[in-house]
């Protein structure tokens with residue numbers, strides 16, 4: 001049930017962001033990126049991704065196969081089961097969203113320490 005709860009919470013956050021956007025509030029940024037780590041997002045690169053994401057105040061999620069994961073949670077990232085060659089889409093919303101998106105895309109493209 002924990003996995004279901006995490007997914008449910010992640011979807012609520014995305015729905016909230018989308019509702020706020022529909023009401024004319026701040027804009028959010030998003031970008032697709034391909035995971036090029038040979039072993040995908042296993043524990044070490046997931047930890048690096050989360051460490052990078054936690055530096056920012058923005059809400060940072062990514063979507064993969066119709067699921068949303070919180071990029072600031074190692075368990076959420078691992079639960080997404082992202083493999084090499086898979087494409088994810090980062091969604092950043094908050095006061096430092098542009099810098100957060102650029103940093104995370106650069107981290108993924110650099111291989112997340114591998």
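Laboratory data are not the source of any read-out in this text; all were calculated from the coordinates shown. On a predicted model such as this, the values are computed, not experimentally measured, just so you know. In this analysis, Cβ positions are derived from the backbone assuming ideal geometry, glycine residues included, and neighbour counts consider all displayed protein chains.
Data for the structure
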item: Extension gain from residue 81 to residue 55, taking 0.36 nm per residue of separation minus the Cα-Cα distance; result: 7.0 nm
item: Sites residue 96 and residue 31, calculated FRET efficiency, Cβ-Cβ separation with R0 25 Å, nearest 0.05; result: 0.95
